[in-house]
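Report on the structure given below.
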Amino acid sequence: MDIRPGSVLDPAVDALLGAHRRRMQAYSPPESIHALTPEQLADPSVSLWCAWQEDVLLGCGALKALDAAHGEIKSMRTADAYLRRGVAAALLTRLIEEAQARGYARLSLETGSDPAFEPARRLYTRFGFSLCGPFAPYVEDPYSVFMTRAL
């Protein structure tokens, strides 16, 4: 598995992230979906990382700068054919390493509260994230679970 910077201009990446946003719509109302659009992912405050096996996209994840000391995990998605094969763990490891290299003191995330998001919540817990309250720009939402970890 090769993890390297990605681009929403890559058709495979765009397709995977489109599937990610559609999946969110199945479990959350529109006002509770916080998945980034391609335009938001292209913002300089966001860096996208993709996992590849030769020319096959396995998954992606993004790191968004909230401020000089706080980053946010965004757009974590594994292609359905590669679920439960360590792709998300490898991507999360890379994002944590990048956050540490940037000097962030904290890394946070928002994920869904529906049972469909339980595997993601277990992964984040395994990597040292714990439940927290909403962080900027979020507010309390029954469809959201907020997690954070010190770096």
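Between 88, 35, 26, the distinction of being closer than 25 Å to residue 133 by Cα, of a type in the set (A, V, I, L, M, F, W, C) and touching a His at 6+ places or on another chain (Cβ under 7 Å) belongs to 35 only. All of 136, 101, 120 fail the test of being at negative phi and either in contact with a Phe, Trp or Tyr (Cβ under 6 Å, 6 or more places away or on another chain) or free of Cβ contacts under 8 Å to residues at least 40 places away in the same chain (or both), apart from 101. If you check 9, 36 for being in a loop (DSSP other than H, G, I, E, B) and surrounded by fewer than 16 Cβ atoms within 10 Å (Cβ to Cβ), only one passes: 9.
Only one of these is in contact with a Pro (Cβ under 8 Å, 6 or more places away or on another chain) and closer than 24 Å to residue 98 by Cα: 63, 36, 48, 57. Name it.
48 is the lone residue from the list that is in contact with a Pro (Cβ under 8 Å, 6 or more places away or on another chain) and closer than 24 Å to residue 98 by Cα.
Screening residue 24 against (1) loosely packed, with under 13 Cβ neighbours inside 10 Å; (2) within 21 Å of residue 125 (Cβ to Cβ); (3) aliphatic (A, V, I, L, M) leaves a single unmet condition, (1). Inspect segment 122-131 for any residue being in a strand (DSSP E or B), modelled with pLDDT of 95 or more and more than 16 Å from residue 32 (Cβ to Cβ) and give the result as yes or no. Yes, some residue in segment 122-131 is in a strand (DSSP E or B), modelled with pLDDT of 95 or more and more than 16 Å from residue 32 (Cβ to Cβ).
Residues in segment 109-151 that are hydroxyl-bearing (Ser, Thr, Tyr) and closer than 20 Å to residue 29 by Cα were compared, and the one that is most open to solvent (accessible area, probe 1.4 Å) is 143. Can you go through 21, 94, 77 and tell me which one is outside any loop (DSSP other than H, G, I, E, B), within 13 Å of the chain's Cα centre (by Cα) and free of Cβ contacts under 8 Å to residues at least 24 places away in the same chain? The conditions single out 21. With respect to the stated conditions, residue 71 is without any contact (Cβ under 8 Å) to a residue 60 or more places away in the chain and crowded, with 18+ Cβ neighbours inside 10 Å.
The values are calculated or read from the model by the stated rules, or taken from the named source; none is laboratory data. Note that the coordinates shown come from a computational prediction; the quantities given were computed from them, not determined experimentally. Note: ideal-geometry Cβ built from the backbone for every residue, glycine included; neighbour counts use all protein chains shown. With ligands, DNA and RNA removed, areas are computed over all heavy atoms of the protein, side chains included. Shrake-Rupley method; radii C 1.70, N 1.55, O 1.52, S 1.80 Å.
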